[in-house]
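J.: Take a look at the following structure, please.
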Amino acid sequence: MASIKDRDDPLAGRLLRLRKAMGYESQGAFAALLGLSAPRWNNVENGLPMSRDIAFRLVRQAAFGAPCSD
């Protein structure tokens with residue numbers, strides 16, 4: 001079972017800054033924007049692996065403002 005990585009993980013820190021730069025203080029609201037569960041996004045912000053699907057959702061939303069529905 002994977003454990004939460006060190007909070008100093010560079011990618012996790014960038015994802016946290018991205019969320020806040022986009023105006024989302026809560027992980028839950030940002031996760032909903034991406035069509036994810038809050039616990040799954042929390043894992044990503046804490047350094048666990050990010051799937052390709054989540055990466056694509058981030059790009060679509062951050063770069064294009066496109067909806068991330070399934």
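J.: Of the residues Arg40, Arg57, Arg14, which single one is in a helix (DSSP H, G or I), charged (D, E, K, R), crowded, with 17+ Cβ neighbours inside 10 Å and at pLDDT 90 or above?
T.: Only one candidate qualifies: Arg57.
J.: Report, ordered by the first and then the second residue, all pairs with beta carbons closer than 7 Å, sequence separation of six or more or different chains, a first member in region 27-48 that is free of Cβ contacts under 8 Å to residues at least 12 places away in the same chain, and a second member that is open to solvent by 40 Å² or more (accessible area, probe 1.4 Å) and among the charged types (D, E, K, R).
T.: Ala31/Arg40
J.: To continue, here is another question. Looking only at region 43-54, count how many residues are farther than 18 Å from Tyr24 by Cα and not in a helix (DSSP H, G or I). Walk me through how you get there before you give the answer.
T.: Filtering region 43-54 down to residues farther than 18 Å from Tyr24 by Cα leaves 47-53.
Filter once more, so that each one left must be not in a helix (DSSP H, G or I): 47-51.
Looking only at that region, the number is 5.
The values are calculated or read from the model by the stated rules, or taken from the named source; none is laboratory data. Quick caveat, the model's predicted, so the values are computed rather than measured. A quick note on method: Cβ atoms are made from the backbone with ideal geometry, for glycine too, and the neighbour counts reach across all protein chains shown. Remember, those area values only see protein heavy atoms, side chains included, never the ligands or the DNA or RNA. Shrake-Rupley method; radii C 1.70, N 1.55, O 1.52, S 1.80 Å.
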